[in-house]
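To keep things clear, I will list the structure first and then write my remarks on it.
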Amino acid sequence: MSITICILAFIWGVIWARYLQFNEMGQFLAQKRTWLTVVIGVGVDLLLLLPLIPKRTWFKIFTVIGFSSLAIIFRSLWNELSELLETVDAIQN
């Protein structure tokens, strides 16, 4: 394993954690759009893996993770839409 990629992964993790902790938009994402913060985090991790493994293997890993994520992303979007519709309904009534 490349030590350079591991160092980049560590730096990425620190930057992402600090953004989510100390930035207003990051705090909003962490509190209200957690699923999106996970997609971004895992997406960057997958990109960091790209130079370490054959592209064909990387694509298989990307595909499995992508498909396994679809249901939770759909669930989260559904809940966010339901919340929004409840808010609109409460405002209208």
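The values are calculated or read from the model by the stated rules, or taken from the named source; none is laboratory data. All values reported here derive from a predicted model rather than from experimental measurement. Please note: Cβ atoms are built from the backbone with ideal geometry, for glycine as well, and neighbour counts cover all protein chains shown.
Yes or no, residue by residue, for (1) of a type in the set (A, V, I, L, M, F, W, C); (2) part of a helix (DSSP H, G or I); (3) under 25 Å from ILE3 (Cβ atoms):
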| site | (1), (2), (3) |
| --- | --- |
| ALA17 | yes, yes, yes |
| GLN27 | no, yes, no |
| VAL38 | yes, yes, no |
| ASP45 | no, yes, yes |
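Evaluate the stretch 9-24: report whether one residue or more is modelled with pLDDT of 95 or more and basic (Lys, Arg). Spell out how you get there, then give the answer.
Of all residues in the stretch 9-24, those modelled with pLDDT of 95 or more come to 9-24.
Of the ones still in play, those that are also basic (Lys, Arg) are 18.
Yes; the residues of the stretch 9-24 include at least one that is modelled with pLDDT of 95 or more and basic (Lys, Arg).
May I ask you to list the residues in the stretch 14-42 that are under 11 Å from the mean Cα position of the chain (by Cα) and surrounded by 14 or more Cβ atoms within 10 Å (Cβ to Cβ)? Explain how you work it out, then say what you get.
So the first thing to find is which residues in the stretch 14-42 are under 11 Å from the mean Cα position of the chain (by Cα), and the list is 16, 29-30, 33-42.
TRP16, LEU29, ALA30, ARG33, TRP35, LEU36, THR37, VAL38, VAL39, ILE40, GLY41, VAL42, listed by residue number.
Can you name every residue in the stretch 48-71 that is hydrophobic (A, V, I, L, M, F, W, C), closer than 22 Å to GLY13 by Cα and part of a helix (DSSP H, G or I)?
Residues of the stretch 48-71 that are hydrophobic (A, V, I, L, M, F, W, C), as a first pass: 48-50, 52-53, 58-59, 61-62, 64-65, 67, 70-71.
Now drop any that are not closer than 22 Å to GLY13 by Cα, which leaves 48-50, 52-53, 58, 61-62, 65.
Passing the criteria: LEU48, LEU49, TRP58, ILE61, PHE62, ILE65.
For the stretch 78-92, give me each residue that is surrounded by 10 or more Cβ atoms within 10 Å (Cβ to Cβ) and more than 20 Å from LEU36 (Cβ to Cβ). Walk me through how you get there before you give the answer.
First, pick out the residues of the stretch 78-92 that are surrounded by 10 or more Cβ atoms within 10 Å (Cβ to Cβ): 78-88.
Within the stretch 78-92, GLU86, VAL88 qualify.
If you check every pair at least six apart or on different chains, which have Cβ atoms under 7 Å apart with a residue in the stretch 3-21 that is within 19 Å of GLN31 (Cβ to Cβ) first and a residue that is small (Gly, Ala, Ser) and modelled with pLDDT of 95 or more second?
Note: pairs meeting the criteria are TRP16/GLY41; TYR19/GLY26; LEU20/GLY26; LEU20/ALA30.
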